[in-house]
Amino acid sequence: MDIEVRYRDAQGREVLTGAGQLRGVPVEEHRPLPAPRAHHGRRGILTHWWAATTGELVPCATQRQMSAAMLLDFDRSVVWFGASCLEVQWGKGGQRGAVRPVFFARTSGGERLVFVHPWAPGLAGAYEEEAVRRAAADAHWTVKTVQVPQGMRRDSLSRAAHYRNPQYAEPQARQALLKAFDQPRPLAAGAAASKAPGALSCTWHLLWTGELAADWQRPLTPASMVWTHPKDKE
C-alpha cells in the first residue's frame, strides 16, 4: 500500500509528505483542513466546540462529533486536542482513496492520539484502517476509535460543560468549596454552606475540572451528592 499524508504545517500551508516525517510534530496544534464532512453521508452542520483544554474552537461536522469533543475536553489526561489537520491518502491494487481522522490529541504523558470513526464495513473500510494504522505506526501515533458519551452520562457532562469557562473559577470560592465538600453532600447545599461569592457556579466548574466528584451515571442536579476528589486531599 502506498501512503502519503496531506496536512497543514505550523504556517497553515498544505503539504504532502510521508507519515514518518510527522514523527514528533505537534499536528494536534495545527489548523484543521477546511470543511469537515459528515461521516458516511450523514447530513452535517458545521459548528464548533469551545475547548476549555486549549481555549480554542474545535470544528465539528455533527452533533455526535460535538459530544465526542466534549468528552475529550473533560478528559484530564488530555492536554491538547484539535480537529484533524490532515488526511491519509492511500493507493492499493489500482484503487485510491483518502481518510480523514476526526481529532488529534496529546496526553500529559506526551502520547499522541489519532481519533477515527468506526471503520466502514467491506473492503473500503479495511483499506482505510490499514492506511491509518500504517501511517500511525510511522508517525508514532496511537489510533483510537471516537467515543461518544451516551444517555445520562452525556446529559450530566453537558450540564457541567456549561460552566467549563475559566470565568467560573473563583479562587476564593474554590478553597471554601473543597473544604465544604470534604464529606459528600448535596451540590446546592454544599455551595450554600461555603458562604463564598459565586459558589454555585464555581461548584459546577470544579465538577467539570474534576476537582469535585459526582456519580456521572446518575442525573446531575442541585440535589446530587458531590464530594472532594481524593487527589485534592493529598
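Points to keep in mind about this one:
- The set of residues from the stretch 146-173 being of a type in the set (S, T, N, Q) and more than 17 Å from Arg218 (Cβ to Cβ) comprises Gln147, Asn165, Gln167, Gln172.
- Among the numbered conditions (1) open to solvent by less than 40 Å² (accessible area, probe 1.4 Å); (2) closer than 20 Å to Asn165 by Cα, the only one that Ser194 does not meet is (2).
- Qualifying residue in the stretch 129-152 (condition: in contact (Cβ under 8 Å) with a residue 24 or more places away in the chain, out of contact with any helix residue (DSSP H, G or I) (no Cβ under 8 Å at 6 or more places or on another chain), more than 25 Å from Thr17 (Cα to Cα) and of a type outside the set (D, E, K, R)): yes
- Hey, Gln183 surrounded by fewer than 17 Cβ atoms within 10 Å (Cβ to Cβ) and touching a Pro at 6+ places or on another chain (Cβ under 8 Å) or not: no
Matching residues to (1) among the hydroxyl-bearing types (Ser, Thr, Tyr); (2) free of Cβ contacts under 8 Å to residues at least 12 places away in the same chain; (3) touching a Pro at 6+ places or on another chain (Cβ under 8 Å); (4) in a strand (DSSP E or B):
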{"position": "Ala69", "(1), (2), (3), (4)": "no, no, no, no"}
{"position": "Arg76", "(1), (2), (3), (4)": "no, no, no, no"}
{"position": "Val88", "(1), (2), (3), (4)": "no, no, yes, yes"}
{"position": "Arg96", "(1), (2), (3), (4)": "no, yes, no, yes"}
{"position": "Ala105", "(1), (2), (3), (4)": "no, no, no, yes"}
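- The number of residues in the stretch 121-136 being open to solvent by 30 Å² or more (accessible area, probe 1.4 Å) and out of contact with any strand residue (DSSP E or B) (no Cβ under 9 Å at 6 or more places or on another chain) comes to 3.
- Residue-level check: of (1) of a type outside the set (D, E, K, R); (2) touching a residue at least 12 places away in the same chain (Cβ under 8 Å); (3) open to solvent by less than 60 Å² (accessible area, probe 1.4 Å), Gly110 misses just (2).
- Residues that are on the phi > 0 side of the Ramachandran plot and at pLDDT 95 or above within the stretch 124-165 comprise just one, His140.
The values are calculated or read from the model by the stated rules, or taken from the named source; none is laboratory data. Bear in mind the structure is a predicted one, so any value in this text is a computation, not a measurement. All Cβ positions, glycine included, derive from the backbone under ideal geometry; neighbour counts span all protein chains shown. Remember, those area values only see protein heavy atoms, side chains included, never the ligands or the DNA or RNA. Shrake-Rupley method; radii C 1.70, N 1.55, O 1.52, S 1.80 Å.
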